[in-house]
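Accompanying notes for the structure given below.
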Amino acid sequence: MNSNQLTKVILPMLIALLMVLPTGAVAQKKPRSAASNSGAGSKGEKGPAHTRLPRDPAIVDALRQVSAQRIQQTIEKLVSFSTRATLSVNNPDAATSDKGIVAARKWIKSEFERYSADCGGCLEVKTDTFVLQPKARIPVPTELQNVYAILHGTDPEQAKRIYLVTGHYDSRNSEALNSTNPAPGANDDGSGTAVSLECARVLSKHKFPATIIFLTVAGEEQGLDGSTHFAKMAKSEGWQLEGALNNDIVGGNRTPGDTLQNNDWVRVFSEGIPAAAADADIRRIRSTGGENDSASRVLARYIHEVSETYDFGQFTPKLIFRRDRYLRGGDHTAFNEQGFAAVRFTEYREDYNHQHQNVRTENGIEYGDLPKFVDFKYVANVARLNAATLAALASAPAPPAHVRLLTTQLENDSKLEWQPAAGASAYEVLWRKTTDADFPPENVTRTTETKIDMQQSKDNVIFAVRSVDGKGHRSLPVIPEPERGRNAPPLER
Ligand SMILES: [Zn+2]
């Protein structure tokens, strides 16, 4: 077919196809000037008719400070410790050596302290140290240390709400028990550690009503040990931890010759049925069709909305409705298991030659998790998305509490009620079809009251309610529970 025939045959077909498609399908690429009311994208794309959420200038400013160069320095510094194997803490010269996990954790702490010095001591830098008794991948009693910095909320009422970003700073090579040979861990998980540090650096220059924690954990490669200890501490101390962002393998691996990597995409994994769901929760999920609306999935959708609100160029999260990669695990699961909403960010396409491998060349293939395979601009995009999400959440009013769908009598409309939320000036009720992956931005009803009668059946849609403040910050949406409460007997047929 020559180009003339192409014009005569294909083009009319294409035009006919475009005419029958709904407009939303044509304007499939998201609008880039998300805050503008024009709805038109900056690249001439046709945006949807609805108005996007407003941007917070402070968050825009924070995102501008994220630096690919700083992230590169962080990752190269982490790699310079040669190995960050959790077991290297037991090596004879661990305390004084400039190699190994003790040197790495000391350096991470000093970085947090440096950022804090730059903001007048605004960060509380802490360590969570404990000894793990022998078990699989822990042959002898082993000291672990999580290192973290707290940016306390400025509003006494809101400061108890906590949002967290984490990455694991331990690394491994081909052997899980090796603590002496190089385990550079540039991507796994120097990249995630760098995201946590960079978020701390840029967000510590701002103040937020709610609290943000920047965490780096050890022991991931031995069995999620650092994060499990930390999440259990949060649970036992009654922290109001409303969302955890785990970044693990966010280096955007760029092996020469690999044409299948997509560095415009980062995957965001979220669990369906919550790991911590009790039997009563599971009965309610079955009865109400709540399989796709865990708190973690609500958090994942929030991240997507943030990506459409702020300017990330072509970079966008791809939500994966699965706990983690197929049959695999990560630190967010440790938080899920304690009942917290938590998601995992991971690059679009992993290269297994550059994870958990001894550094070597075999048959012309380079193995090992080296900085030269990391795309630092990509990590910076991931850091921006994390920082924007943390800042948006920590700026927002509290989510509405005790959100209920009244089900005391059978009726075809839907009555929702909730309790007032601190910092909220209004509320928005969202809804979507049960088959939709996300709440369409146009399906929003606003009210200043704490109840609403929606003229559509709860049988056919999924509702959520979120708080809004005077500046347009939105809380995490809350999926209502049936009024009968979670301890009621199973619903009638
Ligand atoms: Zn990892």
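Any read-out appearing in this document is the output of simple, stated calculations on the displayed coordinates, not a laboratory observation. Quick caveat: nothing in here was measured; it's all calculated off a predicted structure. Cβ: placed from backbone, ideal geometry, glycine included. Neighbour counts: every protein chain shown.
Below, the figures for the structure above:
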read-out	value
Set Phe321, Phe335: member being within 20 Å of Val268 (Cα to Cα) and either free of Cβ contacts under 8 Å to residues at least 60 places away in the same chain or surrounded by fewer than 22 Cβ atoms within 10 Å (Cβ to Cβ) (or both)	Phe321
Positions within the stretch 341-353 being touching a strand residue (DSSP E or B) at 6+ places or on another chain (Cβ under 8 Å) and within 12 Å of the ligand (Cβ to nearest atom), in sequence order	Arg344, Phe345, Thr346, Glu347
Odd one out for Leu260 among (1) under 30 Å from Thr434 (Cβ atoms); (2) away from the ligand (no atom under 16 Å from the Cβ); (3) more than 17 Å from the chain's Cα centre (by Cα)	(1)
Sole residue being part of a loop (DSSP other than H, G, I, E, B), in contact with a strand residue (DSSP E or B) (Cβ under 9 Å, 6 or more places away or on another chain) and basic (Lys, Arg), chosen from Arg328, Arg323	Arg323
Selection count where residues are surrounded by 18 or more Cβ atoms within 10 Å (Cβ to Cβ) and in contact with a Lys or Arg (Cβ under 7 Å, 6 or more places away or on another chain), scope the stretch 348-366	1
Residue in the stretch 193-204 that is of a type outside the set (Ser, Thr, Tyr), within 14 Å of the ligand (Cβ to nearest atom) and within 15 Å of Val382 (Cβ to Cβ) present	yes
Selection status of Gln145, within 29 Å of Val268 (Cβ to Cβ), in contact with a Gly (Cβ under 7 Å, 6 or more places away or on another chain) and away from the ligand (no atom under 15 Å from the Cβ)	no
Residue that is of a type in the set (S, T, N, Q) and within 25 Å of Tyr378 (Cα to Cα), where the choices are Thr288, Thr346, Thr361	Thr346
Which numbered condition Ala277 fails, given (1) touching a residue at least 60 places away in the same chain (Cβ under 8 Å); (2) in a loop (DSSP other than H, G, I, E, B)	(1)
So Ala183, is it touching a Gly at 6+ places or on another chain (Cβ under 6 Å), within 16 Å of the ligand (Cβ to nearest atom) and touching a residue at least 40 places away in the same chain (Cβ under 8 Å)	no
Within the stretch 420-475, considering residues that are in a loop (DSSP other than H, G, I, E, B) and aliphatic (A, V, I, L, M), the one surrounded by the fewest Cβ atoms within 10 Å (Cβ to Cβ)	Ala437
Top-ranked residue in the stretch 222-257 [being assigned to a strand (DSSP E or B) and within 12 Å of the ligand (Cβ to nearest atom); ranked as surrounded by the most Cβ atoms within 10 Å (Cβ to Cβ)]	Asn246
Identity of the residue in the stretch 209-218, within 17 Å of the chain's Cα centre (by Cα) and not aliphatic (A, V, I, L, M), that ends up farthest from the ligand (Cβ to nearest atom)	Thr211
Lone qualifier among Ser80, Ser97, Ser88 - being over 20 Å from Ala383 (Cα atoms), buried (at least 22 other Cβ atoms within 10 Å of the Cβ) and not β-branched (Val, Ile, Thr)	Ser88
Selection count, the stretch 275-307, where residues are farther than 15 Å from Ile462 by Cβ and in contact with a Gly (Cβ under 7 Å, 6 or more places away or on another chain)	2
Some residue of the stretch 396-410 being farther than 23 Å from Thr445 by Cα and assigned to a helix (DSSP H, G or I)	no
Scan of the stretch 360-385 for residues that are within 16 Å of Leu78 (Cα to Cα) and hydrophobic (A, V, I, L, M, F, W, C), ordered by number	Leu370, Phe373, Val374, Phe376, Val379
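Quick grid of which residues meet (1) in contact (Cβ under 8 Å) with a residue 24 or more places away in the chain; (2) buried (at least 21 other Cβ atoms within 10 Å of the Cβ); (3) within 16 Å of the ligand (Cβ to nearest atom):
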{"site": "Val131", "(1), (2), (3)": "no, no, no"}
{"site": "Pro134", "(1), (2), (3)": "no, no, no"}
{"site": "Asp155", "(1), (2), (3)": "yes, no, no"}
{"site": "Leu164", "(1), (2), (3)": "yes, yes, no"}
{"site": "Ser171", "(1), (2), (3)": "yes, yes, yes"}
{"site": "Leu177", "(1), (2), (3)": "yes, no, no"}
{"site": "Lys207", "(1), (2), (3)": "yes, no, no"}
{"site": "Glu220", "(1), (2), (3)": "yes, yes, yes"}
